[in-house]
Amino acid sequence: MDKIDLIRQLLEQDGKNANAWYLLGLEYCELADYSQAFQAFSEALKCGNEELKDKIIVELGQLSDKSRLPAQDSRQDNDPCSKKTDPYASETEQDMISNDDSDNLIKLTLIEGNQNNVVNINYKESANVCFQDVGGLDQLKNIISMKIIKPFKNPDLFERFQKKVGGGILLFGPPGCGKTYIAKATAGECNARFISVSITDILDPYLGVSSQNVKDIFSNARAKKPCILFFDEIDTLGYNRSKLLSEHMRPIIDQLLSEIEGIDSNTEQLLVIGATNMPWDVDPALKRPGRFDKNIFVPPPDEEARVSIFKLKLKGKPTEIIDYELLAKQTELYSGADIENVVEVATENVINKILSSDCDDLISMKDLMDAIANTKPSTIEWLRTIKNYVKYANQAGLYDDVEKFILSHKKILG
Ligand SMILES: Nc1ncnc2c1ncn2[C@@H]1O[C@H](COP(=O)(O)OP(=O)(O)OP(=O)(O)O)[C@@H](O)[C@H]1O
Ligand SMILES: [Mg+2]
């Protein structure tokens, strides 16, 4: 039994094994079977394994470069059998394969996909949070309110004054600081549906199906208006366009761009929000006017915001008197998610104490301070990474807010 058979056996037992799909992709790369490799990597990406994601994207990028076949690989194209093996390729596409020798494209790049075989898209819908659930971020709330909520609620007014609305906003910042949360809350504020889409909802081994997925996502959102369409980790798409290139991804991005540009927010009540913690990887084409043309930095919460996040996260829990200002002072650069974690750790400890001693207890300042002492802010690594981009790649002023933030935290960030 060869390696591929072994991995396939593994996958029969567990089809969601990202590592196995990834290894399978590598094996097919070795064999120069790029079509199978692309399929395997796409399946790996769909498993949602965060640790592997970057590696998979790099492999997909390299695959794309290989999709313009070197001479020795063009034997695949010269093999008449290989041209007819794909059930999804239409006759015209197969003609293209045989007629377009000059380009030497592998079959995958020409497949349009079977329109009747569009995969089911399982994206999540929900919006049971509002702005009052989001601690701090007041400036961001104001921007969103002006750019999204007011036009959304008063379309006639904006139309009368010919105030242009539309385009999407792009939220960027360190992990756990509330990008997804505030996007959901925006939907809550507008009484709109919230549809969250990730690259795995879009990507399909068959090129045409991926583009069709994008179309379906938008038409589904239109059918459910008012609606906020949230593209999480939008960098994975942008990344693909610039580095991964290519014949595979460009049509998907182009479809996405034309869908966004095609939205008439006044009449359609459909808004698009993107989020990323790697803004440097977001395709510049996505940032042009009419697309994600407002880039907003979502920073770690400031002291005042941390007070309100602690209050929100401790609300309804049995506590002693809490000095929220002190907690906030001790948690500089903690993200909202980090604060949530502090509260969780303290809560767990108190429950354990109660269970082991049989005496009732409340969450005390000591429990919270102990939890803080045992945790670290998770935003530092991101802030240190972006420092270089601020220094060397801030020509367009995209990172001005980040620069201010970093300067005001020089002591910790160096
Ligand atoms: N400002 C905030 N107020 C209240 N809760 C917050 C805030 N920021 C973050 N949280 C809490 O942290 C959790 C994680 O936040 P969220 O998922 O929005 O982070 P994110 O910025 O999207 O991170 P990532 O970049 O990893 O996707 C939220 O579900 C929420 O409970
Ligand atoms: Mg998020």
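The values are calculated or read from the model by the stated rules, or taken from the named source; none is laboratory data. Computed from a predicted structure; not experimentally measured. Here the Cβ is made from the backbone with ideal geometry for all residues, glycine too, and neighbour counts use every protein chain on show.
Some values worked out for this structure:
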| item | result |
| --- | --- |
| Residue within segment 299-316 that is buried (at least 19 other Cβ atoms within 10 Å of the Cβ), away from ligand 1 (no atom under 16 Å from the Cβ) and either within 21 Å of ILE144 (Cα to Cα) or among the hydrophobic types (A, V, I, L, M, F, W, C) (or both) present | no |
| Residues of segment 181-231 that turn out to be among the β-branched types (Val, Ile, Thr) and either away from ligand 1 (no atom under 16 Å from the Cβ) or over 19 Å from the mean Cα position of the chain (by Cα) (or both), as a count | 4 |
| Test: ILE263 is away from ligand 2 (no atom under 16 Å from the Cβ) and at pLDDT below 80 | yes |
| Only one of ASP201, ASP216 that is within 28 Å of PHE41 (Cβ to Cβ) and more than 16 Å from ligand 2 (Cβ to nearest atom) | ASP216 |
| Candidate set: segment 169-203, residues that are part of a helix (DSSP H, G or I) and of a type in the set (Lys, Arg); chosen: the one farthest from PRO300 (Cα to Cα) | LYS184 |
| Count of residues meeting criterion [without any contact (Cβ under 8 Å) to a residue 40 or more places away in the chain, within 19 Å of PRO284 (Cβ to Cβ) and of a type in the set (A, V, I, L, M)] in segment 387-407 | 2 |
| Residue in segment 281-293 that is touching a strand residue (DSSP E or B) at 6+ places or on another chain (Cβ under 6 Å), in a strand (DSSP E or B) and surrounded by 15 or more Cβ atoms within 10 Å (Cβ to Cβ) present | yes |
| Any helices (runs of 4 or more DSSP H) falling wholly within segment 317-414 and containing at least 3 residues that are aliphatic (A, V, I, L, M) and surrounded by 12 or more Cβ atoms within 10 Å (Cβ to Cβ) | 324-329, 336-357, 365-373, 380-392 |
| Every residue from segment 266-279 that is away from ligand 2 (no atom under 16 Å from the Cβ) and within 19 Å of GLY178 (Cα to Cα) | LEU271 |
| Residue that is touching a helix residue (DSSP H, G or I) at 6+ places or on another chain (Cβ under 8 Å) and either buried (at least 21 other Cβ atoms within 10 Å of the Cβ) or modelled with pLDDT of 50 or more (or both), where the choices are GLU51, GLU59, GLU12, GLU30 | GLU59 |
| Condition check for ILE143: surrounded by fewer than 23 Cβ atoms within 10 Å (Cβ to Cβ), in contact (Cβ under 8 Å) with a residue 12 or more places away in the chain, within 16 Å of ligand 1 (Cβ to nearest atom) and assigned by TED's automatic domain parsing to the domain that holds GLU268 | yes |
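Rundown of residues vs (1) assigned by TED's automatic domain parsing to the domain that holds ARG288; (2) within 16 Å of ligand 2 (Cβ to nearest atom); (3) basic (Lys, Arg); (4) under 25 Å from PHE172 (Cα atoms), yes/no style:
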| residue | (1), (2), (3), (4) |
| --- | --- |
| VAL307 | no, no, no, yes |
| LYS313 | no, no, yes, yes |
| THR319 | no, no, no, no |
| LYS353 | no, no, yes, no |
| ASP358 | no, no, no, no |
| ASP361 | no, no, no, no |
| ASP367 | no, no, no, no |
| TYR389 | no, no, no, yes |
| PHE405 | no, no, no, yes |
